[in-house]
1. List the residues whose amide H sits under 5 Å from the amide H of A:N2, counting only those 5 or more places along or on another chain, with H placed 1.01 Å from N in the peptide plane.
2. Output, in nm with one decimal and in ascending order, the distances from the A:D180 label point to the matching label points of the other copies (7 Å from Cα along Cα-to-Cβ).
3. Spelling out what I want: for every residue of the stretch A:62-77, take phi, set θ = phi - 60°, compute 6.51 cos²θ - 1.76 cosθ + 1.60 (Karplus), and round to whole Hz; glycine and proline get x.
4. From the phi of every residue in the stretch B:304-311, what ³J(HN,Hα) in whole Hz does the Karplus formula 6.51 cos²θ - 1.76 cosθ + 1.60 yield, where θ is phi - 60° and glycine or proline is x?
5. Restricting to the protein assembly as shown, what percent of DSSP beta bridges are antiparallel, rounded to 5?
6. Dividing the convex hull volume of the alpha carbon atoms of the stretch A:139-248 by its residue count, what do you get in Å³ per residue?
7. List the residues whose amide H sits under 5 Å from the amide H of A:A50, counting only those 5 or more places along or on another chain, with H placed 1.01 Å from N in the peptide plane.
8. Shortest first and in nm with one decimal, please list how far the A:S245 label point sits from its counterparts in the other copies (point 7 Å along Cα→Cβ).
There are 2 protein chains.
Amino acid sequence: MNERLPVQGAQGDLLRLVATGKAESRADLARLSGLAASSVSLRVEELIDAGLLAEEGSGASRGGRRPRRLRLSPTAGVLAVADLGAHHVRLGLLDLSGTPLVVEERSCEIADGPRATLDRIADAFDELVAAHVPAGVPIRGVGTGIPGPVDPATRRVVTPSRMPGWNDFLVADHLASRYDLPILVENDANLMAAGEARWWPDHENLMVVKAGTGIGCGVIVNGRLHRGRGAAGDISHVRVRSDSSVICACGHPDCLEAYASGAALMTALSEAGIKVTRPADIVGLVHDAVPEATSLVRNAGRRIGEVLTVLVNFFNPDVIAVGGSLSAAEPLITSIRAAVWERCLPLATRDLEIAPARAGRDAALLGAGALLLEAALTET
Amino acid sequence: MNERLPVQGAQGDLLRLVATGKAESRADLARLSGLAASSVSLRVEELIDAGLLAEEGSGASRGGRRPRRLRLSPTAGVLAVADLGAHHVRLGLLDLSGTPLVVEERSCEIADGPRATLDRIADAFDELVAAHVPAGVPIRGVGTGIPGPVDPATRRVVTPSRMPGWNDFLVADHLASRYDLPILVENDANLMAAGEARWWPDHENLMVVKAGTGIGCGVIVNGRLHRGRGAAGDISHVRVRSDSSVICACGHPDCLEAYASGAALMTALSEAGIKVTRPADIVGLVHDAVPEATSLVRNAGRRIGEVLTVLVNFFNPDVIAVGGSLSAAEPLITSIRAAVWERCLPLATRDLEIAPARAGRDAALLGAGALLLEAALTET
DNA sequence: GTCACTTCCTTCGATTTCGAAGATAGTCCG
DNA sequence: CGGACTATCTTCGAAATCGAAGGAAGTGAC
């Protein structure tokens, strides 16, 4: 039921191109892969025989013979992916092209420790597979997002805050003891960035900011996730310019998170006598034009924007995609834009897009799918 | 006399591995290139026949037969490289492995405009070639560094400050009219980063800070220069936290450059009645333990370090190499280190090295050589 | 409809690349 | 100094890849 993908050599590249939607025909594959058309035909033949690809009707003509459209076979396999939060886990099954077959959310206390939590996720995977995957369709990979830093070398959780019992835990090894498959363990903001990247196909350098309870950020460089030492993309503990002085949970004064995160805004609102329980409530207040909320969100956007100016000058991204529950509040993005436009170098902002994230709520799951496909295709 | 490198297919990879010093024998090449040992032998044979590689004695044994050492043939060709400053140009000839054959500095006013300046460089190249290159050894590429932003797509100079007449000038095209060869035009800090990268062979992610009259920075991601839209790496116009308010030449208040550049330090020293004419003079004052100078340098280091904290958290480099004339002042690097260690996330600084640049004065020329070799090997 | 043209895909001989086996040339140790 | 071992490099048949040519299946103009 669980098998590694039986691909070798150039087959992997071709399968990837079809799975990511970049190629739909043998001709596309020849153009994009650099292989000779004849070699492509041979490999595609093998992939069809292996049950990984399928021919399905024909595509639109580009002025000549219509291409025979290639698709991933529905029996090619599924990926089991999860995104772990503090009090719940979002999980689902994807086909190899990253399309969700089923997604659901379950409650789950991360404070219960890694073993209990991961077993809970694995049990949920088993249930979903039993309910939604026909017999004979194998699982090809298992992945999960973690709300804390993950060392890319050892794939263990390192110095997480609010995750008691997880420090130095070898998440990948524990999952590997249950699944003999490619295993992905990655920071949740990084997964979100990887998922978002698919929606910006012609853009090589992205920053994806997640504005929710905390402030996360993932970076795509040259189309690939930049991990650094595992903390890459962190912007929440940058010092902001401020008159007063607030000590952040990390011990340093005046972190961005202490001023502009959903948690900080909720504290400020409740001090003003306005009751909110989730960051999404703030969006509602902004839509209802509650002045305190709008002003707070605008302020948060300006602060985030000011931090981004440094990074835009340095990194010159093509796109800054803003996601997370707070991103639905329009003033947030508007004021981020204003701060960046005002202060950055013209060359850096010339073609820069600052826009709401496109991938939606399942961004992290989609990102896990994208990275898992990559892992399944290269590690053979 | 000027010819493109006659390499095709896998030959390029092999030549690059030898030129960059990563491989010295056929066995090295087989290991590093992923090709079969037999294929490597065939290609090497061709490269030797083409006069690009040469066999030279044998290397050290690793417990078995000694390898036959491969070297670039001295007749393989030379690269002509320059690094343009405001009032002078440093230029030289390198062999294909990036070793300087001759380097010299000439005065040259960038304000004379692009045509006069570039022709002056090209004339200098011709003189150097006539004097130092035996007949029959071809030029394989021409490159120059520019003290301003270069659009990587069109390779034209964009919105430079202090370079009258250069805006939108197509530097590469102008050089191409004189040399039918691979042409490189790149920002000088980027070249310096590319040159420095060779001295940190096992490090994939570098920031190279150039602390001189101005403050430049180049970024190496995954071993390759990150260009962004042409301004990537800029850190000089980041806003710093400050009580007073200084307007920078760029029009914005409190840019890092206005506080921590060599130019700013010189202004502050002369206001204190201490006369200096070049940033290097400041280093002398620090060595002589002049308290005003030491204090200023320490302050500048702290400010630069504070900006770097943001970038270290975000980018997680393996190394920050500090070069430029000011970097010879020890307190500069010490205080950069202190600021970064204090404020950054532990995961980001765990194995981070902050060290003086290793490539020396010719870093930019070496970088130009490295990038030109790349261009000469891939563009065929 | 037919003719010129374009794109898609396959066939087939030529070329390149591979990999196993072997020749070559060392080291290390008793 | 001889034998076991290791690493380097080459030889040669097998397998993969290529590219030119051609068939298949369209579009668009007249």
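1. A:I139
2. Its label point is 6.2 nm from the equivalent points in the other copies.
3. Couplings: 10, x, x, 4, 6, x, 8, 6, 9, 9, 5, 5, x, 8, 5, x Hz.
4. Whole-Hz 3J(HN,Hα) from phi for the stretch B:304-311: 4, x, 5, 5, 5, 3, 4, 6.
5. On the way: 58 of 100 bridges.
Bridges in the protein assembly as shown are about 60 percent antiparallel.
6. Numbers: hull volume 14.8 nm³, N = 110.
Given the Cα convex hull of the stretch A:139-248, per-residue volume reads 134 Å³.
7. Placed amide hydrogens put nothing under 5 Å from A:A50.
8. Computed spacing set for this position: 2.3 nm.
The values are calculated or read from the model by the stated rules, or taken from the named source; none is laboratory data. None of these values were measured; they are calculated from a predicted model. Every residue, glycine among them, receives a Cβ derived from its backbone with ideal geometry; neighbour counts consider all protein chains shown. Keep in mind that these areas ignore ligands, DNA and RNA; they rest on the heavy atoms of the full protein, side chains included. Shrake-Rupley method; radii C 1.70, N 1.55, O 1.52, S 1.80 Å.
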